[in-house]
Amino acid sequence: MKESITLTDNRTGASVEIPIVDGTVDSGEWASLLPGVYFHDPSFGVTSGAASAVCELDGEAGYLRYRGHPIEQLAERVSFLEIAHLLLFAELPTRPQLDAFAGEIAESASIHENFHKRILEGFRDDAHAMGVLVSSVAALSTFYPESKDVEDPTVRRSQMIRLIAKMPTLAASAYRRLVGTPYVQPDPDLDYTTNFLTMMFRPLEGGFEVDPVLSRALDLLFLLHADHSQNCSTTTARTVGSSHADPYVSLSAACGALYGPRHGGANEAVLRMLQEIGTYDQVDDFVAKVKTGERRLMGFGHRVYKNYDPRAQILKDTAHRVFDVVGKNPLLDMALKLEEVALADDYFVRRKLYPNVDFYSGLIYQSMGFPVEMFTVLFAIGRTPGWLAHWDEMLTQNSRIARPRQLYIGEATRDVVPIDQR
Ligand code: SDX
């Protein structure tokens, strides 16, 4: 069987045979046959927008790999910073490499005092932590103007270290401002995730110890969220970065895309959905509303995965380890019932709707003491190395500026009527 397609322009009878390479056909081939004719695919459902070596997922087979490593093995064996190194530099670090990398991150974790006094204090008291994060990441751009030199790999590397280092500090600062407690500076003697939990929850009077089970669980959650190929927010980072904007505004845009409830905002929406359902015996009524289209089952469905999201299974197992320490989340039974009812109902089976990464993550976050406004912020911390790896890859590939064509559906040409005659 020939791994190719033949495209024929019936207007001219001209045709071209195009090889199918790794599941794609190259646009250059058919563009020469069809000048001025474009494939229309607004949500990129069947269009590849990048050639990437960072992450591979297969929706039918249900696998996820970071630089070729299966997510199940990574989840069992490595830390989030090892994943960050893998995504950014294409290899898991040796012990000395990891120590050096973690040291660079620790040294860059603090944020300028002006940030707290003049930027964070400028927000309303009830400002959503994601709105604060989107703004804060963009504001970092003004502290590091040299980051505009995006074509210099050394400059890019410095900013990538800064962003991975500062995201937890910005996140914890957004939380401390939300709850009205003084900011806690990063402690370079603590590991990445323990340091974050300390900045988040250490009381003024100190005497705060992070439970290693919780630190490892959160580290695993960060790792599971680290990358996911050309999802909405990563595509945003690559698109904004393709204009050669600096990495801070590129990642701020990615944070903005992640904030939406169809994407990273879904973990917050799941918790609010469970709280709205209220009780175990209301689950069937809610599912009935989903099937009429009146409601959406948040945390279910995925553009790529047409069976169980591999991350959701790992999260489900992690949830039990966290609940052993902090007590079971009372919403867990309802979530399990919701999953059971949906997976047995033809509406969901026919549409291949299964739990995604957001269905269980919020239950874990809530049990660890995070308010729902912080859930997507936690997703952003985890996704930062993925966003950066794609941003860096796009620049290494000397990609052209992203500029899609369009299908024009507006008015035909028409004359302007002077205002007094309109
Ligand atoms: C993430 O892309 C990534 O990789 C994202 C992510 C990552 O790591 O970056 O995996 C993280 O964003 C996970 C997804 C989190 N979002 C949610 O949980 C929100 C709820 N799910 C959806 O709104 C939806 O499933 C999407 C946005 C995730 C996917 O949307 P698609 O691919 O555009 O699917 P669709 O809207 O075209 O739905 C196809 C059908 C429709 O029914 P019909 O019109 O065929 O009758 O399935 C239905 C939809 O109505 N459907 C749902 C549903 N999701 C899809 N019906 C009820 N509840 C849902 N959740």
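The values are calculated or read from the model by the stated rules, or taken from the named source; none is laboratory data. Bear in mind that the values here come from a model prediction, so they are computed numbers and not experimental data. Note that we place each Cβ from the backbone using ideal geometry, even for glycine, and neighbour counts take in every protein chain shown.
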Selection status of Gly131, at pLDDT below 95, among the small types (Gly, Ala, Ser) and either under 24 Å from Met200 (Cβ atoms) or in contact with a Gly (Cβ under 7 Å, 6 or more places away or on another chain) (or both): no
Just a yes or no: is a residue in region 184-196 within 16 Å of the ligand (Cβ to nearest atom), within 28 Å of Leu74 (Cα to Cα) and under 20 Å from the mean Cα position of the chain (by Cα)? no
Run Ala412 past the list (1) in contact with a strand residue (DSSP E or B) (Cβ under 7 Å, 6 or more places away or on another chain); (2) farther than 21 Å from Ser229 by Cβ and report the number of the one that doesn't hold. (1)
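This table checks each residue for (1) within 22 Å of the chain's Cα centre (by Cα); (2) on the phi > 0 side of the Ramachandran plot; (3) at pLDDT below 90.
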{"residue": "Arg11", "(1), (2), (3)": "no, no, no"}
{"residue": "Ser15", "(1), (2), (3)": "no, no, no"}
{"residue": "Ile20", "(1), (2), (3)": "no, no, no"}
{"residue": "Val37", "(1), (2), (3)": "no, no, no"}
{"residue": "Ser52", "(1), (2), (3)": "yes, no, no"}
{"residue": "Arg67", "(1), (2), (3)": "yes, yes, no"}
Right, Phe375: within 16 Å of the ligand (Cβ to nearest atom), touching a residue at least 60 places away in the same chain (Cβ under 8 Å) and in a helix (DSSP H, G or I) or not? yes
Look through Val213, Val132 and report the one residue that is within 20 Å of Phe370 (Cβ to Cβ), among the aliphatic types (A, V, I, L, M) and exposed (fewer than 15 other Cβ atoms within 10 Å of the Cβ). Val213
Tabulated pairs, region 357-368, first within 19 Å of Asn307 (Cβ to Cβ), second more than 15 Å from the ligand (Cβ to nearest atom) and of a type in the set (A, V, I, L, M), C-beta under 8 angstrom, 6+ apart or interchain: Tyr360/Ala319
Which residues, counting only those in region 299-314, are away from the ligand (no atom under 12 Å from the Cβ) and in contact (Cβ under 8 Å) with a residue 12 or more places away in the chain? Asn307, Tyr308, Ile314
Exactly one of Gly382, Gly362 is within 11 Å of the ligand (Cβ to nearest atom) and at pLDDT 95 or above, and that residue is Gly382
Thr292 within 14 Å of the ligand (Cβ to nearest atom), among the hydroxyl-bearing types (Ser, Thr, Tyr), exposed (fewer than 15 other Cβ atoms within 10 Å of the Cβ) and not assigned by TED's automatic domain parsing to the domain that holds Thr193: yes
Residue identified as under 30 Å from Pro153 (Cα atoms) and polar (S, T, N, Q) among Gln421, Gln397: Gln397
Output the residue which, of all residues in region 226-235 that are out of contact with any Leu (no Cβ under 8 Å at 6 or more places or on another chain) and crowded, with 23+ Cβ neighbours inside 10 Å, is nearest to Gly62 (Cα to Cα). Asn231
Taking helices (runs of 4 or more DSSP H) that do not extend beyond region 11-107, which have at least 3 residues that are touching a residue at least 40 places away in the same chain (Cβ under 8 Å) and in contact with a helix residue (DSSP H, G or I) (Cβ under 9 Å, 6 or more places away or on another chain)? 71-77, 80-89, 95-107
Kindly evaluate Thr318 against the criterion of being within 20 Å of the chain's Cα centre (by Cα) and away from the ligand (no atom under 13 Å from the Cβ). yes
Across region 69-104, what is the total count of residues that are more than 18 Å from Cys55 (Cα to Cα) and of a type in the set (S, T, N, Q)? 2
